[in-house]
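Take a look at the structure set out below.
What follows is calculated from the coordinates using simple rules that are stated; it is not laboratory data. Predicted model only: the values in this text are computed from it and were never measured. All Cβ positions, even for glycine, are placed from backbone atoms using ideal geometry, and neighbour counts span all protein chains on display.
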Amino acid sequence: MIVSSFRVTKFAFQNFWRNFWLSVITVSMLVMTLITINILLVLNVVTEEAISLVEDRIEVSVYFHDYVDEATVGGAVEYLRDLAQVRDVETISADEAYEQFVERHSDDEDIMASLDELGGNPFGPTLVVKANSAEDFELIIDALDNPQFRDDIREKDFSDYQEIVDRIRGTTDQIATFGIALTGIFLLIAIMIVFNTVRIGIFIHREEIGIMRLVGASNWFIKAPFHLEMMFLSLLAVGIAAGIVFPVVNILEPKFSVYFGTQGAGIAEFFMENGLWIFGGQFLILAVVTIISTSMAMRKYLKV
Amino acid sequence: MIRLKKVSKTYHPNVVGVKGVSLHIPAGEFVSIVGKSGTGKSTLAKLLFAEERPSSGVIEIGGWDITHIHNRDIPLLRRQIGVVFQDFKLLPQKTVYENVAFALQVGGAKPRRIREVVPKVLEIVGLHEKASRYPRQLSGGEQQRVAIARALVHSPKVLVADEPTGNLDTLNTREIVDLLQKINEFGTTVCLVTHDREVVNRLKRRVITLEDGKVASDVEQGRYKL
């Protein structure tokens, strides 16, 4: 069995070299398919990062009346923290709010004069509420209508980021749909090219195959080199795709930091951490596709 | 031992290859199957090594009923039946040694066995000194001897030779027939399909004559009668 496996491997490599340009075309098509899949993966990572970045900036500012005492504010904080949708609640006391206001407007004489005229601190305590995701804000806003402290709240300030998130998702979903369609087309072309490569391989080796059959080669021995050759081409395609994807994401990563800050979009990290699974999975999918395609070609053209 | 019972082979739509052929060829016999072109000689040969399946009847080789042989069992049969053709069917990019070794390689033989067997069969066919030559560097007779050597590597019980001298001159034809006789003397059953009168008459062995796909005559120590 070991000897036969070695010979099958040898014949598979012979097939590869004898049909070198055909092998190049097949590998190129497989690489294009894999690159498209990986672009989709990059897009997915970037989208998730962008959405998470936007969501991270979303907050609801809850302004209490200046007469509201700390205990009531504390009760509101406790209440909000108990909500599953709330990620964090920051409390700004009336004095802190006053200091922050003065600091912000110290250059504006008119505002500072108006503040002096009011005499004392006109600000009440403020809560800055962060949610787990953009969808959660509506619930948090509703929760703040709780009769327990509804009348203590002077104002709720909430910028509607949901629309931004929806727009990001909408755009990326459209790109993803296009990418999936493109992957499907490339995959179909790849299947046809693999089919054709095997067909031509059988045609080129028809004499050799005929002699193999004549002298008692098993069906496995005749078929296996074609399967192995396609496996090898799939592995080569995955290797080339990985060889392109890794440097490209490393080049792209700093460019994304313009939008995502110093931490970047995390695509290089994503591929480093999951590279084995990503490319291993892609090889498995490609292997299954090429096995099916090769089997179809052999069933049609290789009469053993 | 080869036994055929009322074997017929009909090709689509209604072309008769052989019809109702019944034969018994004992082990170690040398049989010439003769007949005009299109009388079913090659069809009969193909039925023997399961290249074709009979439309009806029964074929047994060495007690093995191969009438409905499964595809996966054909390689086993082919390792027991050596086959030689008119067009030699050698691989041009392989040397004489490699062509012969190829039959063992694809059968899963170990390198050691290949190193033992190939020189021996090349010696039998008289080509041990030309082992490193390519088919194009050999005469037709020598190429056919390579094909015979390749057919012998599995030590087959039966050798089916389908018009092995069809492409050869008289001298080479004699050499090939002598070689087939030598192989037969070692105990291998030889089925020689030919339309060469000289060959058949010189052999003076059993002759089965086919006409229109049927056995017209079956004579011990026969002659070419058509």
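In the protein assembly as shown, the DSSP beta bridges split such that about 65 percent are antiparallel, to the nearest 5. Residues whose amide H falls under 5 Å from that of B:T39, counting only those 5 or more places apart or on a different chain, are absent, with hydrogens built in the peptide plane.
For chain B, what is the relative contact order in percent, using Cα pairs closer than 8 Å and at least 6 residues apart in sequence? Show your work: numbers first, answer last.
Values: 446 pairs, mean separation 64.5, N = 226.
This gives 29 percent for chain B.
Extension gain, A:I291-A:I25: 0.36 nm per intervening residue step, less the Cα-Cα distance, totals 94.0 nm. For segment B:83-119, the residues whose backbone nitrogen is under 13 Å from a point 7 Å from the Cα of A:V3, taken along Cα to Cβ, are B:101-118. What the phi angles of segment B:76-92 give under the Karplus curve with 6.51, -1.76 and 1.60, with θ = phi - 60°, is a coupling list of 5, 5, 5, 7, 9, 10, x, 10, 10, 10, 4, 8, 6, 6, 9, 8, x Hz, glycine and proline written as x. With respect to chain A, whose longest principal axis is taken over its alpha-carbon atoms, helix A:70-81 is tilted by about 10°.
Quick one: order A:H65, B:H70 by neighbouring beta-carbon count within 10 Å, fewest to most.
On the way: A:H65 14, B:H70 9.
Lowest count first: B:H70, A:H65.
Positive-end ranking of A:N44, A:F64, A:L127 along the dipole of segment A:4-136, with charges on Cβ about the Cα centre, is headed by A:N44. Peptides A:97-109, A:114-126 ranked from most to least packed, by the mean per-residue count of other Cβ atoms within 10 Å: A:114-126, A:97-109.
Positive end of the dipole of segment A:154-304, charges at C-beta (+1 Lys, Arg; -1 Asp, Glu), about the Cα centre: which of A:L284, A:M212, A:T177 has its Cα farthest in that direction? Result: A:M212, furthest along the dipole toward the positive end.
Model label points for A:Q85 and A:N121, set 7 angstrom from Cα along the Cα-to-Cβ axis, are 3.0 nm apart. Each residue in A:Y79, A:Y67 was given a count of other beta-carbon atoms within 10 angstrom of its own, and listing them fewest first yields A:Y67, A:Y79.
Nearest 0.05, what FRET efficiency do A:I244 and B:E98 give at R0 = 56 Å with Cβ-Cβ as r?
Values: r = 40 Å, r/R0 = 0.72.
Working from the Cβ atoms, E equals 0.90.
From the helices alone, meaning DSSP H stretches of at least four residues, give me the mean residue ellipticity at 222 nm for chain B, per-run term -39500 (n - 2.57), in deg cm²/dmol to the nearest 500.
Numbers: 7 runs with 73 residues, N = 226.
Estimated from H runs of four or more residues: -9500 deg cm²/dmol.
Pairwise Cα distances in the protein assembly as shown exceed 45 Å in 47 percent of cases.
Residues whose amide H comes within less than 5 Å of that of B:V18, counting only those at least five positions distant or on another chain, are B:K9 (H built at 1.01 Å from N in the peptide plane). For B:V160, the residues 5 or more places off, or on other chains, whose built amide H falls under 5 Å of its own are B:G82, B:V83, B:V84, B:C191.
Can you tell me the FRET efficiency between B:H24 and B:R197 if r is taken as the Cβ-Cβ distance and R0 is 35 Å, rounded to the nearest 0.05?
Details: r = 25 Å, r/R0 = 0.72.
Calculated value: 0.90.
Say R0 is 51 Å: what FRET efficiency, to the nearest 0.05, do A:N146 and A:L235 get from their beta-carbon distance? Kindly include the intermediate steps, with their values, before the conclusion.
On the way: r = 61 Å, r/R0 = 1.20.
Working from the Cβ atoms, E equals 0.25.
Rounded to the nearest Hz, the phi-derived 3J(HN,Hα) couplings of segment A:89-106 under the Karplus curve 6.51 cos²θ - 1.76 cosθ + 1.60 (θ = phi - 60°) are 10, 10, 9, 10, 6, 4, 5, 5, 4, 4, 4, 5, 5, 4, 4, 5, 10, 4, where x marks glycine and proline. Here the protein assembly as shown is assigned +1 on the Cβ of each Lys and Arg and -1 on the Cβ of each Asp and Glu. Its dipole about the Cα centre then comes out at about 9620 debye.
Just name one of A:Q148, A:A94, A:A113: the one whose Cα is farthest towards the positive end of the charge dipole of segment A:59-158 (beta-carbon charges, Lys/Arg +1, Asp/Glu -1). Selected residue: A:Q148.
Using only Cα atoms, what is the ratio of the radius of gyration of segment A:192-304 to 2.2 N^0.38 Å? If you can, show how the numbers build up before the last one.
Working: Rg = 20.4 Å, N = 113, 2.2 N^0.38 = 13.3 Å.
Ratio of Cα Rg to 2.2 N^0.38 Å: 1.54.
Taking every DSSP bridge with both residues inside chain B, close to 50 percent are antiparallel.
Helix-only arithmetic for chain A: the sum of -39500 (n - 2.57) across DSSP H runs with n ≥ 4, divided by the residue total, places the mean residue ellipticity at 222 nm at -26000 deg cm²/dmol. Extending 7 Å from the Cα toward the beta-carbon at both B:D169 and A:A113 defines two label points whose distance is 12.7 nm.
Shape class of segment B:86-155 from the Cα gyration tensor (axes a ≥ b ≥ c, square roots of the eigenvalues): prolate, since a/c reaches 1.5 or more and a/b is larger than b/c.
Listed from fewest to most Cβ neighbours within 10 Å, the set A:W17, B:W64 follows the order A:W17, B:W64.
Using the Cα centre of segment A:163-257 as the reference point, and only Cβ charges (+1 on K/R, -1 on D/E), how large is the resulting charge dipole? Debye, rounded to the nearest 20. Don't skip to the answer; put the middle values down first.
Values: 7 positive and 7 negative charges, 52 e Å.
Here segment A:163-257 has a charge dipole of around 260 debye.
Working note: Karplus 6.51/-1.76/1.60 with θ = phi - 60° gives segment B:14-25 the couplings 9, 8, 8, x, 9, 9, x, 7, 10, 9, 9, 10 Hz, where Gly and Pro are set to x.
In this simple spin-label model, placing a label point 7 Å from the Cα along the Cα-to-Cβ direction at both A:N132 and A:L252 gives a separation of 3.0 nm.
In the calculated pair distance distribution of chain B, what percentage of Cα-Cα distances lie above 34 Å?
On the way: 3139 of 25425 pairs.
Counting every Cα pair in chain B, those more than 34 Å apart make up 12 percent.
Its Cα centre serving as origin, segment B:86-155 has a Cβ charge dipole (Lys and Arg +1, Asp and Glu -1) of approximately 200 debye.
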